[in-house]
Amino acid sequence: MALIKCHECGNDVSTEAASCPKCGAKVRVVSSPIQPKNLTPWQIIFGLFFGVAVIWWLASGNDKTETKAPDSTKSDAECLNDLQCAGDKGIVAAGVYCKSFIEKLASHSVRWTDGTFETKFSQFRWLDQASGKITYIGDKAEFQNGFGAFTPVTYECDLDSDGKTVLDVRVNEGRL
């Protein structure tokens, strides 16, 4: 049992009392703040070990060699001779412009399995190098069959050199 001051008259009142004996005001018991627990030596050692491990992990992340991004300084004329350059420049556009054409080939519904920041196509090859036409290839879709089951498919999309015109689309069952 502890004594507290009445919020109305200031008289000492027991925390177990329902009201102040002097003025009759209801006793408001405020819970005491949480007291911190004493830490054991093992908890301190674990905390120090964890802190050192985090600092070591953060410091070691700066030693990584930088990966070279696709060479965006090449002109379109120079990219016509380099499949990697031309494919990298058009792979996002292929995912945008080819998606609806691929979906039209499904008899029922389509479920895309690519992630939010993942491209729909993982490979590409020349369709016609002289004119700059590229075939993009991917396997991040599933077509629903008549029984409601989804079947993985591979798809190809032929994109013109302008990077926007879809020339042809093909779909086959399976994975790459």
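Taking interchain pairs and intrachain pairs at least six residues apart, which have beta carbon atoms under 6 angstrom, with the first residue in the stretch 80-95 and in contact (Cβ under 8 Å) with a residue 40 or more places away in the chain and under 12 Å from GLY163 (Cβ atoms) and the second assigned to a helix (DSSP H, G or I) and open to solvent by less than 70 Å² (accessible area, probe 1.4 Å)?
Taking only residues 6 or more apart or on different chains, the pairs are ALA86/CYS79.
Answer yes or no as to whether PRO41 is at pLDDT 80 or above, surrounded by fewer than 11 Cβ atoms within 10 Å (Cβ to Cβ) and either on the phi > 0 side of the Ramachandran plot or of a type outside the set (A, V, I, L, M) (or both).
Spelling it out, PRO41 is indeed at pLDDT 80 or above, surrounded by fewer than 11 Cβ atoms within 10 Å (Cβ to Cβ) and either on the phi > 0 side of the Ramachandran plot or of a type outside the set (A, V, I, L, M) (or both).
Yes or no: the stretch 97-114 includes at least one residue that is touching a Gly at 6+ places or on another chain (Cβ under 6 Å) and at pLDDT 90 or above.
No, the stretch 97-114 has no match at all.
Could you run through the stretch 120-167 and say how many residues are acidic (Asp, Glu), under 15 Å from TYR97 (Cβ atoms) and touching a residue at least 12 places away in the same chain (Cβ under 8 Å)?
3
For every residue, the table says whether it meets (1) aromatic (Phe, Trp, Tyr); (2) crowded, with 19+ Cβ neighbours inside 10 Å.
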residue	(1), (2)
ARG125	no, no
GLY132	no, yes
ILE137	no, no
PHE147	yes, no
GLY163	no, no
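Return the residues of the stretch 96-125 that are among the hydrophobic types (A, V, I, L, M, F, W, C), over 17 Å from LYS164 (Cα atoms) and in a loop (DSSP other than H, G, I, E, B); say none if nothing qualifies.
Selection gives LEU105, ALA106, PHE117.
Can you pull out every residue in the stretch 165-176 that is farther than 19 Å from GLU118 by Cα and either open to solvent by 30 Å² or more (accessible area, probe 1.4 Å) or in a strand (DSSP E or B) (or both)?
Matches in the stretch 165-176: THR165, VAL166, LEU167, ASP168, VAL169, ARG170, VAL171, ASN172, GLU173.
Does ARG111 satisfy being in contact with a strand residue (DSSP E or B) (Cβ under 6 Å, 6 or more places away or on another chain) and within 15 Å of ASP168 (Cα to Cα)?
So ARG111 does not fit the description; no.
The values are calculated or read from the model by the stated rules, or taken from the named source; none is laboratory data. Note that the coordinates shown come from a computational prediction; the quantities given were computed from them, not determined experimentally. All Cβ positions, glycine included, derive from the backbone under ideal geometry; neighbour counts span all protein chains shown. When the accessible area is computed, the model is the full protein with side chains, heavy atoms only, and any ligands, DNA or RNA have been set aside. Shrake-Rupley method; radii C 1.70, N 1.55, O 1.52, S 1.80 Å.
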